[in-house]
Amino acid sequence: MWQEQGPEDRLTAMGNLWPRFRDAGRTLGVLRALTLAPRWAVRREYLVVVRDLASPRGGDARLPSVGDIRWSRLFPKDAGRLREANPGLCPDEVRRRVEEGQECIVGWQGSTIVHYRWDSSRPAYLPYLRAVFSPAAGDIFAVDAFTHPAYRRRGIDWVATARALENARARGFARSVTVVARWNVPGIRVGRDKMSGRVVGRVTRWELGPLSRLRVTGDVQLTARGFSLVG
């Protein structure tokens with residue numbers, strides 16, 4: 001069912017698209033990103049990837065060496081410094097994630113933030129889809145992960161994901177869930193191939209002028225506020 005969105009919704013959506021487009025340019029190259037942009041403004045498609053935490057990591061089990069990176073949870077005094085890695089992450093967004101109960105792990109090299117990731121076992125709002133994902137009991141949801149552009153292609157996201165999965169398993173979670181943009185080949189490679197995840201469905205946000213629609217496929221179902229997994 002198509003829903004009408006107001007001017008404020010459209011402005012919010014466009015504001016969230018710019019950082020994603022800029023990141024796509026770094027990943028795909030500017031020309032390919034420019035080709036993708038018109039379609040992505042109308043149809044934003046994400047894969048839903050699930051990883052069973054009861055089984056060994058599998059995939060390519062040998063993790064890369066990423067040097068002397070120090071991992072810690074995000075402390076309030078460092079929240080503003082996340083923008084040093086990702087200027088598109090505004091303070092209001094950080095506050096909202098903290099208020100939702102999301103947990104943030106930061107990777108440091110010296111005094112530089114080179115990576116961060118947010119995980120949650122609670123419902124999490126995804127501004128780029130304008131929808132809430134509701135994890136099932138026993139699920140941990142990887143809300144967001146970002147590597148500083150100067151430190152990419154070193155395997156940092158791969159190592160951070162492996163650490164997060166091991167930590168989730170130790171805490172008693174049974175399954176990890178994430179959504180990955182269809183164009184994000186490195187993210188898909190980590191979640192599906194290197195971490196032995198399974199693509200169980202897709203979530204797509206269609207926007208045509210003032211009209212907007214969220215569609216799901218596979219083992220994904222719509223809810224009153226967004227979407228969740230079936231079963």
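All of the numbers you see were taken from the coordinates with simple rules; none came from a lab. Quick caveat, the model's predicted, so the values are computed rather than measured. Here Cβ is always computed from backbone atoms with ideal geometry, including for glycine, and neighbour counts include all displayed protein chains.
Okay, here's what the table says:
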item	result
Length added when fully stretched, Arg163-Ala224, from 0.36 nm per residue minus Cα-Cα	18.7 nm
Sequence ranges 114-120, 131-137, ranked by mean other-Cβ count within 10 angstrom, highest first	114-120, 131-137
Simple spin-label estimate for Arg189 and Thr204 in nanometres, 7 Å along Cα-Cβ	2.6 nm
